[in-house]
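> The following block contains the structure, expressed as structure tokens.
The values are calculated or read from the model by the stated rules, or taken from the named source; none is laboratory data. Note that the structure is a prediction, hence the values are computed from the model and not measured. Here the Cβ is made from the backbone with ideal geometry for all residues, glycine too, and neighbour counts use every protein chain on show.
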Amino acid sequence: MTFNLVAPKKINMNSSLDEQLERHLAQRQHSLIRLLGLLKKDMDCRIIGKLQHRGYNNFKLGDLVLIVNIEPQGTINNELAKKARITKQAMSKVVKNLEAEGYIRTCKHASDNRASLISLTEEGKKLIICAAESFEEIQQEYTGIIGEEDTTALKEILRKLVFNLHPEQCG
């Protein structure tokens, strides 16, 4: 018994994949994810530049998400992790760094021995004020580019997205 082995015909699926890829690449320039990502990178660079210009050379931008969520009277560690939307493990590392830099202090919570109360130091308060001023300057720079009306519309659109995706953040 002999078999006539013939190689199966290759189906040219690449043209379909190539066409799909070309469509996606053409749309990439206008992708909401890409545009928001570029804007986020721009904001990060501007914030770091402004903070460094004001003398905060060792401050890590990633730490800002935690420090801006500390209430004036202090915030319990677990609550702070929720508000900052980071894990307790990541928060613990950031807290150690911020405490070592002198921006925050921690103490045992008065009524819950398992919890720590995290508070801003004078340097932490100065950093928050400086960051808020930097945010305002950046917003003014963007408003100078797109105008007051578009800035107001953009903020309203972003507020709607955040409210619908994370209503707990809009309290």
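> Please determine, by comparing only the residues of the stretch 94-120 that are exposed (fewer than 15 other Cβ atoms within 10 Å of the Cβ) and under 16 Å from Gly62 (Cα atoms), which one is farthest from the chain's Cα centre (by Cα).
Ala100
> While we're here: Please specify each residue of the stretch 88-109 satisfying the condition of being out of contact with any strand residue (DSSP E or B) (no Cβ under 8 Å at 6 or more places or on another chain) and within 21 Å of Gly55 (Cβ to Cβ).
Answer for the stretch 88-109, where residues must be out of contact with any strand residue (DSSP E or B) (no Cβ under 8 Å at 6 or more places or on another chain) and within 21 Å of Gly55 (Cβ to Cβ): Val94, Asn97, Ala100, Glu101, Gly102.
> Note down all Cβ pairs under 9 Å where the first residue falls in the stretch 53-65 and is over 14 Å from Val95 (Cα atoms), the second is among the β-branched types (Val, Ile, Thr) and in a helix (DSSP H, G or I), and they're at least six residues apart or on different chains.
Final answer for the pair search is Tyr56/Ile48.
> Out of Lys155, Lys88, Lys125, report the one residue that is of a type in the set (Lys, Arg) and within 16 Å of Tyr56 (Cβ to Cβ).
Selected residue: Lys125, the only one of Lys155, Lys88, Lys125 that is of a type in the set (Lys, Arg) and within 16 Å of Tyr56 (Cβ to Cβ).
> May I pose another question? Residues Leu80, Leu5: which one is at pLDDT 85 or above and of a type outside the set (S, T, N, Q)?
None of the others qualify; the one that does is Leu80.
> Residues that are closer than 24 Å to Ile138 by Cα: find the helices (runs of 4 or more DSSP H) completely inside the stretch 31-99 holding 3 or more of those.
The qualifying helices (runs of 4 or more DSSP H) are 32-53, 61-67.
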